[in-house]
Amino acid sequence: MADEKEVALSARERQCLRWVEEGKSSWAIGVILKVSENTVNFHIKNAMRKLETSSRTQCVVKARREGLI
């Protein structure tokens with residue numbers, strides 16, 4: 001990529017992606033973090049947008065590669 005820009009994930013986005021990496025569903029992550037499933041999806045979608053990915057798995061892989069999680 002020609003224009004590498006610094007991506008900053010929030011603490012909650014990183015937390016959600018770590019649980020996705022463990023294979024947890026949005027519902028299960030919500031239970032673990034004591035937030036709604038919609039809130040989990042919100043954080044994951046924000047992370048996906050920031051990392052320019054189109055799936056949860058792709059997002060986790062890219063975040064891991066870039067040292068964000």
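No value in this document is a laboratory result; all are computed from the given coordinates. Nothing here was measured: the structure is a model prediction, and the numbers come from that model. Methodologically, a virtual Cβ is constructed for each residue, glycine included, from the backbone with ideal geometry; neighbour enumeration extends over all protein chains shown.
In the stretch 11-65, if the dipole is taken from +1 on Lys/Arg beta carbons and -1 on Asp/Glu beta carbons about the Cα centre, which of A47, S26, S36 is farthest to the positive end? The residue sitting farthest along the positive end of the dipole is A47.
Between beta-carbons, use under 10 Å as the cut-off and find the net charge around N46, counting Lys and Arg +1, Asp and Glu -1.
Numbers: positive: R12, K45, R49, K50; negative: E13.
Overall, the nearby charge balance is +3.
Residue-wise HN-Hα couplings along the stretch 38-51, as the Karplus relation 6.51 cos²θ - 1.76 cosθ + 1.60 with θ = phi - 60° gives them from phi, are 4, 5, 4, 4, 4, 5, 5, 5, 4, 5, 4, 5, 4, 8 Hz; Gly and Pro carry x. Computed log10 I(q)/I(0) for the chain at 0.15, 0.20 Å⁻¹: -0.42, -0.72, from the Debye equation with unit scatterers placed on every C-alpha and solvent omitted.
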